[in-house]
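> Submitted below is the structure of interest, expressed as structure tokens.
The values are calculated or read from the model by the stated rules, or taken from the named source; none is laboratory data. Predicted model, so just to flag it, every value in this text is computed and none were measured. For neighbour counting, all protein chains shown are included, and Cβ atoms are generated from backbone atoms with ideal geometry for every residue, glycine included.
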Amino acid sequence: MIERYCRPEMSEVWSDARRLALWLDVELAVTATREERGDVPRGTSERLRRSARIDAARMLAIEAEVHHDVIAFLSMLAESAGDDARHVHVGLTSSDLVDTALACQIQQAGGVLAASLARLRRAAWTLAQRHKRTPMVGRSHGVHAEPITFGLKCLVWSEELGRALDRLQAALADCAFGKFSGAMGTLAHLDAEVETRALSRLGLEPEPVANQVVQRDRHAALGCALAVAGGTMDKIAVEIRHLMRTEVREAEEPFRERQKGSSAMPHKRNPVRCERVSGLARLLRGYAQALLEDQPLWHERDISHSSVERVALPDAFLAADFMAHELAEVLEGLRVNEARMRANLEAGGGLVHSQRVLLALVEAGLARDEAYALVQRHALAAADGGTPFRDALAADPVVRERLGAERLAKCFELEHHLRSVDAIFARTEEPRA
């Protein structure tokens, strides 16, 4: 991922320095476990921890000759560790090291991302509480429908982000598996007890049945969880972009004092941060597809997944973390135009109350088709710039006869649409801190 879309904490997780440090941790977890069993001289793992030096440049130089990164790593360690290096990587294959270290990286990256998503959810929840009863028009097909509140819209976001967090945690748990079972997963050179105890030192479980690799359905599910979380963030961003249109102007991204929206048009305030989120969500969907393609490997393993994961997993986490941070700042500073929401709600003279008028006429004895045609005629005329909807109904002789002025007025009471808002909010729980 280019630096523009990387935040420092997540970048550190996926740095080469962190990867190589984890490779050493993984190797020493096995060595220390074997030492406890008496298979390695006492004090070996501690001496290795003190003496082993990670020299990325030296490793690259060796790799240029041997064309194998794990062999280069082990050779680089041996140059500083001396004779103790012979106790490293005993009974292991490259994937034992790489897959297990990757599981550790995924757990660390997941912790960073979960915190960013939790902050975003908190921002959505706070907006929902603040605007619990801020009325606005609801839209279906992009067209005015019936009244809602802005708080309800934000509550939808908060709940969906909660599910994204749940999916992420489930996917992370499913990726907290490593292996030290060897070239074909048969535990031919290390027994199950060593594998279980060594992985426990790293906070991981053993892959119950492995071949040469930890199975890639785990990583595919993780990629999908990240893509779905990205889809939720995209959904929020698209909504704000719509609300920010000049014709709507119900909400706007924060706009800093010295910020400029266009190189040519000084009047512009564009939804650039939300558009950035929407764009990066497309990458997350692409990375999910790539990780799904990694599931079928030849026989017990080939290496076609490796090059994909080196790009897709770090970039997916980096993009998702950046998106969550970006969108959290948007929601925390969102400008909500309540007056404009009310003006749009009342456009056309109360068109959003058409269903209540329809139902009142039916209840008053008018056939549904006849009532629908009557209400639709006045509504479409008002929408086209004719007599305001409520005024046209008040002048209609059928409406006057069936409903009268008082009953017609009740059809236009906004509170009717808000009467269950508290009950809906009561179904949800405040996000955990």
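> What are the residues in the range 195-208 that are surrounded by fewer than 22 Cβ atoms within 10 Å (Cβ to Cβ) and of a type in the set (A, V, I, L, M), if any?
The one that is surrounded by fewer than 22 Cβ atoms within 10 Å (Cβ to Cβ) and of a type in the set (A, V, I, L, M): L202.
> Residues to consider are R130, R122; find the one that is over 18 Å from S306 (Cα atoms), within 20 Å of the chain's Cα centre (by Cα), of a type in the set (D, E, K, R) and surrounded by fewer than 20 Cβ atoms within 10 Å (Cβ to Cβ).
Exactly one of R130, R122 is over 18 Å from S306 (Cα atoms), within 20 Å of the chain's Cα centre (by Cα), of a type in the set (D, E, K, R) and surrounded by fewer than 20 Cβ atoms within 10 Å (Cβ to Cβ), namely R122.
> In the range 196-212, how many are in contact (Cβ under 8 Å) with a residue 12 or more places away in the chain and part of a helix (DSSP H, G or I)?
Total meeting the criteria: 4.
> Can F180 be described as in contact (Cβ under 8 Å) with a residue 12 or more places away in the chain, in contact with a Ser or Thr (Cβ under 6 Å, 6 or more places away or on another chain) and surrounded by 22 or more Cβ atoms within 10 Å (Cβ to Cβ)?
So F180 does not fit the description; no.
Rundown of residues vs (1) modelled with pLDDT under 95; (2) part of a loop (DSSP other than H, G, I, E, B), yes/no style:
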site: R377; (1), (2): no, no
site: A381; (1), (2): no, no
site: D391; (1), (2): no, no
site: R400; (1), (2): no, no
site: R407; (1), (2): no, no
site: F412; (1), (2): no, yes
site: F425; (1), (2): no, no
site: E430; (1), (2): yes, yes
site: A433; (1), (2): yes, yes
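Residue-wise test of (1) within 17 Å of the chain's Cα centre (by Cα); (2) in the same structural domain as H131 (by TED's automatic domain parsing); (3) at pLDDT below 95; (4) under 26 Å from R122 (Cα atoms).
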residue: L291; (1), (2), (3), (4): yes, yes, no, no
residue: E300; (1), (2), (3), (4): no, yes, yes, no
residue: A312; (1), (2), (3), (4): yes, yes, no, no
residue: D315; (1), (2), (3), (4): yes, yes, no, yes
residue: L334; (1), (2), (3), (4): no, yes, no, yes
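> Same structure, new question: Consider the range 1-20. How many of its residues are loosely packed, with under 11 Cβ neighbours inside 10 Å and not in a helix (DSSP H, G or I)?
1
> Right, another one. So which of S95, S80, S75 ends up being closer than 18 Å to L202 by Cα, part of a helix (DSSP H, G or I), over 24 Å from the mean Cα position of the chain (by Cα) and not β-branched (V, I, T)?
S95
> Within the range 420-429, identify whether any single residue is among the basic types (K, R), within 43 Å of the chain's Cα centre (by Cα) and surrounded by fewer than 13 Cβ atoms within 10 Å (Cβ to Cβ), and answer yes or no.
Within the range 420-429 (the criterion being among the basic types (K, R), within 43 Å of the chain's Cα centre (by Cα) and surrounded by fewer than 13 Cβ atoms within 10 Å (Cβ to Cβ)), the answer is yes, since at least one residue qualifies.
> Could you say whether any residue in the range 265-273 is in contact (Cβ under 8 Å) with a residue 12 or more places away in the chain, assigned to a helix (DSSP H, G or I), more than 14 Å from the chain's Cα centre (by Cα) and in the same structural domain as F177 (by TED's automatic domain parsing)?
yes
> Still on this structure, please answer the following. Would you mind finding the one in R368, R390, R356 that is buried (at least 20 other Cβ atoms within 10 Å of the Cβ) and not assigned by TED's automatic domain parsing to the domain that holds M136?
R390
> Please count how many residues of the range 337-352 are at pLDDT 95 or above and touching a Lys or Arg at 6+ places or on another chain (Cβ under 8 Å).
2
> Regarding E193, is this residue more than 19 Å from T232 (Cβ to Cβ), acidic (D, E) and part of a helix (DSSP H, G or I)?
For E193, the condition - more than 19 Å from T232 (Cβ to Cβ), acidic (D, E) and part of a helix (DSSP H, G or I) - is met.
> Would you confirm whether any residue within the range 209-228 is crowded, with 16+ Cβ neighbours inside 10 Å, under 30 Å from E309 (Cα atoms), acidic (D, E) and at pLDDT 95 or above?
no
> Does the range 307-326 include one or more residues that are among the charged types (D, E, K, R), touching a residue at least 60 places away in the same chain (Cβ under 8 Å) and either touching a Gly at 6+ places or on another chain (Cβ under 9 Å) or assigned to a loop (DSSP other than H, G, I, E, B) (or both)?
Scanning the range 307-326, I find no residue that is among the charged types (D, E, K, R), touching a residue at least 60 places away in the same chain (Cβ under 8 Å) and either touching a Gly at 6+ places or on another chain (Cβ under 9 Å) or assigned to a loop (DSSP other than H, G, I, E, B) (or both), so the answer is no.
> Now for a different question. Enumerate the pairs (first residue in the range 141-168 and in the same structural domain as A251 (by TED's automatic domain parsing); second residue anywhere and surrounded by fewer than 18 Cβ atoms within 10 Å (Cβ to Cβ) and of a type in the set (K, R)) with beta-carbon separation below 6 Å, excluding pairs fewer than 6 apart on the same chain, so at least 6 apart or on different chains.
Note: pairs meeting the criteria are A145/R139; T149/R133.
> Turning to a different aspect of this structure: Of the residues V352, V357, V375, V362, which is more than 25 Å from E250 (Cα to Cα), of a type in the set (A, V, I, L, M, F, W, C) and touching a residue at least 40 places away in the same chain (Cβ under 8 Å)?
Of V352, V357, V375, V362, the one residue that is more than 25 Å from E250 (Cα to Cα), of a type in the set (A, V, I, L, M, F, W, C) and touching a residue at least 40 places away in the same chain (Cβ under 8 Å) is V357.
> A further question follows. Only one of these is surrounded by 15 or more Cβ atoms within 10 Å (Cβ to Cβ) and either within 27 Å of R197 (Cα to Cα) or assigned by TED's automatic domain parsing to the domain that holds F180 (or both): G91, G43, G38, G82. Name it.
G91
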